Amino acid sequence: MSKQSNIKNKIKEQYGTIALADGSLSCCSSSAGCCGTSETVVVSPIESSKTVGYHQKDLKSIPQSSILGLGCGNPSTFAHLKDGDIVVDLGSGAGIDVFIAANIVKDKGRVIGIDLTDAMLEKARKNAQIHGYQNVEFRKGDIEEKIPVEDNSVDVVISNCVINLTEDKVSTFKEIHRILKPNGVGKLIISDVVTSREVEKALINEANWCGCIDGALTKENYLDSIKRAGFTNVEILEERPGNVVKDYAEDIEKKTRTITSITVKAFKN
């Protein structure tokens with residue numbers, strides 16, 4: 001089994017555990033935190049979400065069990081969604097961004113959540129059923145291989161601290177480009193983490209990759225991956241200073257990396 005296959009299995013295992021913990025765990029409360037911290041931080045999912053940009057009124061308006069505190073930003077606040085939009089959320093987890101978007105696009109619109117983890121999909125679908133959401137759907141998919149959505153059919157793609165988990169970022173952005181509507185209509189709004197220094201393949205740690213650290217690109221390479229996929233008007237909308245991660249290995253000197261959160265906008269022409 002390849003290292004990347006091991007990483008994907010580890011991702012499904014870790015985020016499945018988070019889903020089953022019903023909000024008592026988040027990726028920011030462990031050494032493999034998606035916020036890039038190596039220290040244990042005990043923060044409630046709601047407080048964690050507010051810290052990265054979610055608004056209290058939005059959090060109160062959605063199923064509380066969909067709030068797991070896993071994000072590094074709030075893409076929905078920059079998406080300028082409107083009534084009737086078709087939205088896809090990549091790495092939708094328990095559904096926090098799907099439900100926020102669903103409240104905006106209303107009955108004429110539709111929000112499709114895509115996730116790789118069965119436990120997250122089950123949790124999200126249960127949330128939708130219990131709370132009566134008729135304009136949402138959750139599908140299983142590996143976003144760097146094939147997003148299970150039709151070509152040229154989506155107004156907005158959002159994602160929150162997920163693209164960094166993929167190995168082939170360009171392939172992932174090409175898939176996003178494929179499903180968006182053409183002629184400057186379709187756009188992506190993505191919150192994610194970037195790093196001051198990328199990790200050499202030989203030194204990649206699976207736990208750190210699952211925690212949104214070792215799979216992160218530099219800001220320059222991240223933006224270049226979006227452009228290489230065919231997007232134009234690539235723009236950073238927000239940048240949040242991150243944490244410093246220390247790398248230790250017997251065969252290398254101590255090094256540090258700075259993990260930063262960014263929110264990016266780009267269009268499909």
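The values are calculated or read from the model by the stated rules, or taken from the named source; none is laboratory data. None of the values given here were measured: they were computed from a predicted structure. Methodologically, a virtual Cβ is constructed for each residue, glycine included, from the backbone with ideal geometry; neighbour enumeration extends over all protein chains shown. Heads up: the accessible areas ignore ligands, DNA and RNA and are worked out on the full protein's heavy atoms, side chains in. Shrake-Rupley method; radii C 1.70, N 1.55, O 1.52, S 1.80 Å.
Structural remarks
- Dipole of the chain, positive end: most advanced residue of Gln56, Trp209, Ile190 [Cβ charges, Cα centre]: Gln56
- Full-extension gain in nm, Gln134 to Thr17, via 0.36 nm per residue minus C-alpha separation: 39.4 nm
- Averaged over its residues, the chain has an accessible area of 45 Å² per residue, based on protein heavy atoms and a 1.4 Å probe.
- The stretch 51-178, relative contact order in percent, only Cα pairs under 8 angstrom and at least six apart counted: 27 percent
- Computed FRET value (nearest 0.05) for Lys126 with Lys227, which takes r as the C-beta separation and R₀ as 30 Å: 0.20
- Dipole axis of the stretch 112-269 (+1 Lys, Arg; -1 Asp, Glu on Cβ), positive-most option in Asn135, Ile114, Val149: Asn135
- Contact order normalised by residue count of the stretch 170-269, Cα under 8 Å, 6+ apart, percent: 41 percent
- Note on the chain: with charges restricted to the Cβ of Lys and Arg (+1) and Asp and Glu (-1), its dipole about the Cα centre is near 520 debye.
- Comparing mean-square fluctuations of Lys187, Lys57, Lys169 from a GNM of the chain with C-alpha springs under 10 Å, the top value falls on Lys57.
- Taking the C-alpha atoms only, the angle from helix 118-130 to the longest principal axis of the chain is near 30 degrees.
- Ala207-Asp168 pseudo-label distance in nm [points 7 Å out on the Cα-to-Cβ vector]: 3.0 nm
- Build a GNM of the chain with springs between Cα atoms under 10 Å apart, and of Gly69, Gly109, Gly93 the one that fluctuates most is Gly109.
- Among Lys255, Lys82, Lys123, residue whose mean-square fluctuation peaks in a GNM of the chain (springs only between Cα atoms under 10 Å): Lys255
- Dipole-positive endmost among Asn74, Leu165, Ala19 within the chain (Cβ charges, Cα centre): Asn74
- Beta-bridge orientation, the stretch 114-269: approximately 70 percent antiparallel, per DSSP, counting only bridges with both partners inside.
- Principal-axis analysis of the Cα atoms of the chain puts helix 96-105 at an angle of about 30° to the longest axis.
- Reachable aspartates and glutamates from Lys10, criterion Cα separation under 15 angstrom, eight or more residues apart if same chain: Asp115, Asp118, Asp142, Glu167, Glu206, Asp214
- Exceeding the 25 Å Cα-Cα cut-off - candidates Lys8/Lys50; Lys169/Lys201; Lys60/Lys174; Lys201/Lys227: Lys8/Lys50; Lys60/Lys174
- Expressed to the nearest 5 percent, the antiparallel share of DSSP beta bridges inside the chain is 50 percent.
- Most simply put, the stretch 31-156 has about 0% antiparallel DSSP beta bridges, counting only bridges with both residues inside it.
- Dipole magnitude for the stretch 86-151: about 380 debye, using +1 per Lys or Arg Cβ and -1 per Asp or Glu Cβ, origin at the Cα centre.
- The stretch 112-176 - percent of accessible surface contributed by carbon and sulfur, probe 1.4 Å: 43 percent
- Relative contact order of the chain, defined on C-alpha pairs under 8 angstrom at six or more residues apart (%): 19 percent
- Sites Lys57 and Asn9 - FRET efficiency at Förster radius 41 Å, r taken between beta-carbons, to 0.05: 0.60
- Counting only Cβ charges, +1 for Lys and Arg and -1 for Asp and Glu, the dipole size of the stretch 51-205 around its Cα centre is about 440 debye.
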